[in-house]
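Heads up, the thing below is written out as structure tokens.
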Amino acid sequence: MPWTTSKGFSVPATGSLAGTWGADSSTPTANSSNALNEGVIQLLDQALGQTTTLSLSASNVTLTQAQTQTGMLRCAGTLTANVALSPDAGVLFTGVYCWENITTGSFTVTVTNSAGSVVLPQSRRGLMWIDTTNGPRIIATAGTTAGDPIPVGTVMLFYQNAAPTGWTISSSLNDYALKIVSSAGGVTAGSVNYSTLFARTATDSHTLTTSEIPSHSHTSSAQILVIAAGAGNTVWAPGGSLVTSSTGGGGGHTHDIDMRVKTASVILAEKA
């Protein structure tokens with residue numbers, strides 16, 4: 001008698017099992033019962049409405065056919081090591097599954113088969129699709145207690161005019177620039193507004209002080225007329241130094257600069 005290739009449901013041949021609805025196996029599993037109740041209806045009920053709860057710690061888990069025939073894989077317990085979930089030899093483990101990872105401990109839960117693997121994020125629930133060509137992969141996630149996978153209090157940037165539904169605009173930071181760091185975010189620094197700095201078209205005015213002027217001197221010579229007693233005794237003789245006249249008003253000066261960089265305004269909003 002054949003069975004379906006993905007979930008192992010019975011496929012009775014035309015005209016066979018006449019009047020056979022009841023059980024023909026005390027423990028029905030895939031490929032174990034041809035009766036309609038056991039081989040099809042019971043397996044559908046398990047796939048649509050039953051949960052496999054796994055208490056995890058440090059050991060990998062080999063899933064049985066009975067465990068993979070339920071619609072929900074629920075991972076609980078305190079992890080002390082990374083744990084992998086994989087089907088036992090010959091066990092059918094394909095199609096769509098609900099999953100929930102409510103474990104604690106800083107380790108991972110991975111679902112794996114011969115074609116690949118996927119990590120089930122902690123404190124999340126969702127849907128995954130499993131096949132033997134591409135392996136397990138998550139197709140949807142949500143929080144374990146709410147439909148939104150983004151935790152309350154999360155702060156994000158939005159390139160739009162107003163905060164989206166479910167978010168509250170944060171007004172504590174305004175006219176700031178962004179600084180990318182490798183750790184320790186959420187710290188502010190500086191005192192000049194972004195718009196003030198990047199609206200400038202000249203440097204600050206500055207007046208040179210004496211110490212900032214390069215060392216230099218000015219030379220000058222003079223002669224004086226000496227008139228001695230007696231005719232013909234008029235001569236020019238070296239005189240003293242002269243002080244040149246001063247010029248300049250001691251004003252400051254600036255240098256042209258254009259800081260008007262192109263910007264795209266974003267808002268900061270917090271998940272309510």
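Quick notes on this one:
- Taking 7 Å steps out from each Cα toward its Cβ at Thr104 and Arg74 produces label points 1.8 nm apart.
- A straight chain from Thr145 to Thr209 at 0.36 nm per residue would run longer than the Cα-Cα distance by 16.2 nm.
- Here the extension length gained between Ala115 and Thr132 equals 5.6 nm, from 0.36 nm per residue of separation less the Cα-Cα distance.
- Full extension of the chain between Leu178 and Ser195 yields a length gain of 4.8 nm, computed as 0.36 nm times the residue separation minus the alpha carbon distance.
- Cβ-derived FRET efficiency at R0 41 Å, Lys262 paired with Ala84, nearest 0.05: 0.25
- Overall form of segment 113-188 per C-alpha gyration tensor (a/c, 1.5; a/b vs b/c): prolate
Bear in mind that the values in this text are calculations on the coordinates, not laboratory data. Keep in mind that this is a model prediction, so the values were computed, not measured. Ideal geometry is used to build each Cβ from the backbone, glycine not excepted, and the neighbour counts take in all protein chains shown.
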